[in-house]
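Colleague: Pasting a structure below so you can have a look.
The values are calculated or read from the model by the stated rules, or taken from the named source; none is laboratory data. Small disclaimer: the values here were computed from a predicted structure and weren't measured. Positions of Cβ are backbone-derived with ideal geometry, glycine not excepted, and every protein chain shown enters the neighbour counts. To get the accessible areas, we keep the full protein, side chains included, count just its heavy atoms, and leave off ligands, DNA and RNA. Shrake-Rupley method; radii C 1.70, N 1.55, O 1.52, S 1.80 Å.
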Amino acid sequence: MSAIQTSTRPGRAKKSASRAVQRKIMDRLATGMSWAAMLIVVFVLGSIIWTLLKNGLPGLTASLFTKSMGAPGQDGGLANAIMGSILQTGLAILLGAPAGLLTGIYLAEYGSESALARAVRFVSDMLLSAPSILIGLFVYMVLVAPLGHFSGYAGSVALAILAMPIMVRTTEDMLRLVPLSMREAGIALGAPKWRVILFICVRAARGGIMTGVLLAIARVAGETAPLLFTSLGNSEWSLNMGRPMASLPVAIYQYAGSAYQDWMQQAWTGALLVTLGVLIINIVVRVGIRGGRT
């Protein structure tokens, strides 16, 4: 009996050794693939940023921020397009953020797996993957066609519809990551459920929620198709949201396909401004979140 046991032990040792070697090989292979994927992403992102800087920096002049869009060769700028994008994106977030955040809170804290919650998730996922041009056509049929004119308000509504499902999904996911013990501790202290959600759950998940808001801003800040059907564009300076309003994405779309060198230069510079704007917002919010934690 002892002879049989001693003969089987070397076989088990060999199997365990071969499994350890296989684990090491798979670990190194997975690590190498992760590094390769990271390098590819960094290379692509760096190439995009380098291309934007190379082609966009020469167009950063004072007239770009002080003059409105003009005819080719007239040294026009993008001041009205920049202001139009800020107004429409800002109003879109003001409209979409409360609805998206409250819907995400309902799905995570109240709805759970009810029929209504499943229906809301389904609609939200459909909107999340819907082409932006369809949203633009929908707003055109609902707001632009009945009123008989394009407007910045219609553009903001279209962008808000695009932003809402992103904030719904991120808010729900972040709140579900909050430990149940934190909720139980708040309820044990006698706090009502709404106070537990607002002052404990939302506070603990604010970093992820703000990331969702940033993702929504990044999504809508560069959208062109919805604005072509809603706010259309305007070559003149205008802060009236009830009229057609210029925007950077639409200006980039119009200028990038032109045969005029100055318009093409402004298109590159406009793309650089959109990218830098999203990057700056991201950095400021992250720094603010870290400062609030300390």
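Colleague: Run the accessible area of the stretch 147-239 with a 1.4 Å probe and give the carbon-and-sulfur part as a rounded percent. Don't skip to the answer; put the middle values down first.
Modeller: Details: 2930 of 4300 Å².
Here carbon and sulfur together make up 68 percent of the probe-accessible area.
Colleague: What does the charge count around I187 come to, taking other residues whose C-beta lies under 13 Å from its C-beta (Lys +1, Arg +1, Asp -1, Glu -1)? Display every interim value, and only then the final one.
Modeller: Numbers: positive: R183, K193, R195; negative: E109, E184.
For residues surrounding I187, the net value is +1.
Colleague: If you find the alpha carbon centre of the stretch 169-208 and of the stretch 124-156, how far apart are they in angstrom?
Modeller: Answer, in whole Å: 34.
Colleague: Moving on to the next point. Between helix 152-176 and the chain, what is the angle of the helix's C-alpha long axis to the longest principal axis, kept within 0 to 90° and rounded to the nearest 10?
Modeller: Between the helix axis and the principal axis of the chain, the angle is about 10 degrees.
Colleague: Using only DSSP helix segments of four residues or longer, with each worth -39500 (n - 2.57), what per-residue ellipticity at 222 nm results for the chain after dividing by its residue count and rounding to 500? Please list the in-between numbers first.
Modeller: On the way: 12 runs with 211 residues, N = 294.
The per-residue figure over the chain is -24000 deg cm²/dmol.
Colleague: In the stretch 191-256, what is the volume of the convex hull around the alpha carbon atoms, normalised per residue and reported in Å³?
Modeller: Roughly 135 Å³ of hull volume per residue.
Colleague: Quick one: helix 206-221 against the long Cα principal axis of the chain, what's the angle to the nearest 10°, folded into 0 to 90?
Modeller: On a 0 to 90 degree scale, this one is about 40.
Colleague: Toward the positive end of the charge dipole of the chain, about the Cα centre and with charges on Cβ (Lys, Arg +1; Asp, Glu -1), which of V287, N234, A79 goes farthest?
Modeller: It is V287, whose Cα lies furthest towards the positive end.
Colleague: In addition: Viscosity 1.002 mPa s, temperature 20 °C: Stokes-Einstein D of the stretch 8-108 from its Kirkwood Cα radius, in µm² per second? Working shown, then result.
Modeller: Numbers: Rh = 20.2 Å.
The diffusion coefficient I find is 106 µm²/s.
Colleague: In terms of the ratio Rg/(2.2 N^0.38 Å) built on C-alpha atoms, what value belongs to the chain?
Modeller: Compactness ratio reported: 1.38.
Colleague: Could you tell me how far the Cα centroid of the stretch 244-281 sits from the Cα centroid of the stretch 91-116, in Å?
Modeller: Between the Cα centre of the stretch 91-116 and that of the stretch 244-281, the gap is 33 Å.
Colleague: Also, quick follow-up: Given contacts defined as C-alpha pairs under 8 Å and at least six residues apart, what's the relative contact order of the chain, whole-number percent?
Modeller: 25 percent
Colleague: Enumerate the residues in the stretch 237-280 having an amide nitrogen under 20 Å from the point lying 7 Å beyond the Cα of H149 toward its Cβ.
Modeller: From the stretch 237-280, the list is 237-247.
Colleague: Using only alpha carbon pairs under 8 Å that are at least six residues apart, calculate the relative contact order of the stretch 197-294 and give it in whole percent. Don't skip to the end; give the middle numbers.
Modeller: Values: 64 pairs, mean separation 24.1, N = 98.
That works out to 25 percent.
Colleague: What translational diffusion coefficient, in µm²/s and rounded to a whole number, does the Stokes-Einstein relation yield for the stretch 46-169 at 20 °C and a viscosity of 1.002 mPa s, taking the hydrodynamic radius as the Kirkwood radius over Cα pairs? Intermediate results must be reported in sequence, preceding the final value.
Modeller: Working: Rh = 17.3 Å.
After rounding, the answer is 124 µm²/s.
Colleague: Right, next: With r as the distance between the Cβ atoms of V142 and S47 and R0 = 41 Å, compute the FRET efficiency 1/(1 + (r/R0)^6) and round to 0.05. Walk me through the numbers on the way to the answer.
Modeller: Details: r = 40 Å, r/R0 = 0.98.
Efficiency at R0 = 41 Å is approximately 0.55.
Colleague: Also, quick follow-up: At a threshold of 8 angstrom on Cα-Cα distance, excluding pairs fewer than six apart, so keeping six or more, what relative contact order does the stretch 124-259 reach in percent?
Modeller: Numbers: 156 pairs, mean separation 49.6, N = 136.
Value for the stretch 124-259: 36 percent.
Colleague: Kindly state, as a whole number, the per residue volume in cubic angstrom of the convex hull around the alpha carbon atoms of the stretch 16-60. The partial results should precede the final answer.
Modeller: Numbers: hull volume 1.4 nm³, N = 45.
In the stretch 16-60, the Cα convex hull volume per residue is 32 Å³.
Colleague: Return one number: the angle in degrees, 0 to 90 and rounded to the nearest 10, between the long axis of the Cα atoms of helix 115-129 and the longest principal axis of the Cα atoms of the chain.
Modeller: 60 degrees
Colleague: Something else now. Place a +1 charge on the Cβ of each Lys and Arg in the chain and a -1 charge on the Cβ of each Asp and Glu, then give the dipole magnitude about the Cα centre in debye, rounded to the nearest 20.
Modeller: Its charge dipole is roughly 1880 debye.
Colleague: Contour minus end-to-end for D173 and I280, with contour as 0.36 nm per residue of separation and end-to-end as the Cα-Cα distance?
Modeller: Stretched fully, the D173-I280 segment lengthens by 36.0 nm.
Colleague: Further, regarding this structure: Just to verify a number: FRET efficiency for F65 and V287, C-beta to C-beta distance, R0 = 25 Å, to 0.05? Walk me through the numbers on the way to the answer.
Modeller: Values: r = 25 Å, r/R0 = 0.99.
It comes to 0.50.
Colleague: Also, quick follow-up: Please give the length that would be gained between L128 and M26 if that part of the chain were fully extended, namely 0.36 nm times their separation in residues minus their C-alpha to C-alpha distance (nm, one decimal). Kindly include the intermediate steps, with their values, before the conclusion.
Modeller: Numbers: separation 102, 0.36 × 102 = 36.72 nm, distance 3.59 nm.
Residue separation times 0.36 nm, minus the Cα-Cα distance, leaves 33.1 nm.
Colleague: Taking 37 °C and 0.692 mPa s as the conditions, I'd like the Stokes-Einstein D for the stretch 225-270 in µm²/s, using the Kirkwood hydrodynamic radius from alpha carbon pairs. Mind showing how you got there, number by number?
Modeller: Details: Rh = 11.0 Å.
This corresponds to a translational diffusion coefficient of 297 µm²/s.
Colleague: Let me ask something else about it. If you project the alpha carbons of the stretch 138-294 onto their three principal axes, what span does each projection cover, largest first, in Å?
Modeller: Largest first, the stretch 138-294 extends 67, 37, 23 Å along its Cα principal axes.
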